[in-house]
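A quick write-up on the structure given underneath.
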Amino acid sequence: MEPSFILALFQHGYKVRTSTLYHLLKGKRTSSVLLYGFLYENLRFFQLFPELSEKQFDILLDNLVKQKLLSKTSDSEVQITARGLQALTHEKDHYSWIDNYRFGKTDEMIWRLLQFTVQVVSHLSFNNKNYLPLEQSPLYQKQIKTYIRSLPKAQLIETVKKEWTQIFSALPKEEADFFAQQFSGYQTIGKTSFQVMPNQETVFNRFLIKKEKLHHLIDTILLMPDASFLKKLLLPLLKQNENKSMNETARYLKMQPSVEALAVQRKVKLSTIKDHLMELALTKDFPFERFISQPTYACLGDYSKPYQDWTYRLVKQENPEVDYFEFRLYQIQKLREEREASRG
């Protein structure tokens, strides 16, 4: 991992605890870790480095502090310095499309499935059955067979060709070329992702660049109509990135129960339900008003922004009646509204 990437995770400018950032990069799925990612707009880097050791991480941080790019407070909080922000202006940003929280668990599987689909349809269009499949695993073979049988042969070939043309038209030419060069098919052998990247890039940067482009591709496919062949192909794999238990809680939400009733219906602890609801609130359409009382709205409405600086401990000292769960939901709601407004 390169120091410039770690430094970029602090460009929000707030003082933060580095231990929570470490758990985010490792992929520890707790409400506090996910909330941290949301507050400081680093949720998309969730579980990006599952093999990262705490020792490695601490060494990187210490070096950045020694270079005065980060400053460390007495209570183990870290903040980027003016020098650190200046250093980031010279760095290329390959991170804007990365969303490991939504795609990271299965992005490579999705890409392999898409490549395999192109190979199979290409050979099918030339009536060629004598070729070595890119994938031998039943995981890919079964999915391809299921979807191929869902359409007549001529329609399948035309549909896949048309959809890839639409996708490549929506992507920048450099990204479209990046993926097209990796496709194998009739009388064509695709290159590896590393073969189509600039040689001067480091291994670490190549990893980020591939993630960046792949997640942009997935996001582009998800914008296609629900009936699209390729969108239906990858949706089952995308679902595997989500918290299944949380999604079960989300289904009960339509019945408009209270938090306590949800816990009874799901037969889980009240704290677990609250964790599920908080995670849902981070990224999904969420009925905030159902779970935040009017007294809480009235109380927290008097506090000034930025919302990232709010601490429950201080609010609780001044307003003992404010519930932690409602406090966090209010914080999430206001930040989501603020960010949506800034995007126009």
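Below, the figures for the structure above:
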item: Residues of region 225-255 that turn out to be touching a residue at least 12 places away in the same chain (Cβ under 8 Å), part of a loop (DSSP other than H, G, I, E, B) and within 15 Å of Tyr147 (Cβ to Cβ), as a count; result: 1
item: Scan of region 63-106 for residues that are of a type in the set (S, T, N, Q), surrounded by fewer than 16 Cβ atoms within 10 Å (Cβ to Cβ) and part of a loop (DSSP other than H, G, I, E, B), ordered by number; result: Gln67, Thr73, Ser74, Ser76, Thr89, Ser96
item: Test: residue in region 172-183 that is touching a residue at least 60 places away in the same chain (Cβ under 8 Å) and in contact with a helix residue (DSSP H, G or I) (Cβ under 6 Å, 6 or more places away or on another chain); result: yes
item: Of residues in region 138-169 being hydrophobic (A, V, I, L, M, F, W, C) and surrounded by 15 or more Cβ atoms within 10 Å (Cβ to Cβ), the one nearest to Pro198 (Cα to Cα); result: Phe168
item: Residues of region 175-218 satisfying the condition of being hydrophobic (A, V, I, L, M, F, W, C), surrounded by fewer than 12 Cβ atoms within 10 Å (Cβ to Cβ) and not in a helix (DSSP H, G or I); result: Ile189
item: First in region 87-116 and over 19 Å from Phe49 (Cβ atoms), second anywhere and of a type in the set (Ser, Thr, Tyr) and at pLDDT below 95, Cβ under 6 Å, 6 or more apart; result: Leu113/Tyr140; Phe116/Tyr140
item: Members of region 41-62 found to be touching a helix residue (DSSP H, G or I) at 6+ places or on another chain (Cβ under 7 Å) and exposed (fewer than 13 other Cβ atoms within 10 Å of the Cβ), listed by number; result: Pro50, Glu54
item: Residues being among the acidic types (Asp, Glu) and assigned to a helix (DSSP H, G or I) - total across region 40-62; result: 3
item: Index of the failed condition, Lys153 passing every other in (1) under 26 Å from Trp97 (Cβ atoms); (2) touching a helix residue (DSSP H, G or I) at 6+ places or on another chain (Cβ under 9 Å); (3) not small (Gly, Ala, Ser); result: (1)
item: Region 269-316, residues that are over 23 Å from Tyr40 (Cα atoms) and either modelled with pLDDT under 90 or among the aromatic types (Phe, Trp, Tyr) (or both); result: Phe291
item: Top-ranked residue in region 235-293 [being of a type in the set (Ser, Thr, Tyr) and closer than 28 Å to Asn100 by Cβ; ranked as surrounded by the most Cβ atoms within 10 Å (Cβ to Cβ)]; result: Thr249
item: Output for region 284-319, where each listed residue is under 30 Å from Met255 (Cβ atoms) and not in a helix (DSSP H, G or I); result: Lys284, Asp285, Phe286, Pro287, Ile292, Ser293, Gly301
item: Hits in region 233-243 - residues which are modelled with pLDDT of 90 or more and under 19 Å from the mean Cα position of the chain (by Cα); result: Leu234, Leu235, Pro236, Leu237, Leu238, Lys239, Gln240, Asn241
item: Conditions (1) surrounded by 11 or more Cβ atoms within 10 Å (Cβ to Cβ); (2) at pLDDT below 95; (3) of a type in the set (D, E, K, R): number failed by Arg343; result: (1)
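The values are calculated or read from the model by the stated rules, or taken from the named source; none is laboratory data. From a predicted model like this one, the values you see are computed outputs, not experimental measurements. Methodologically, a virtual Cβ is constructed for each residue, glycine included, from the backbone with ideal geometry; neighbour enumeration extends over all protein chains shown.
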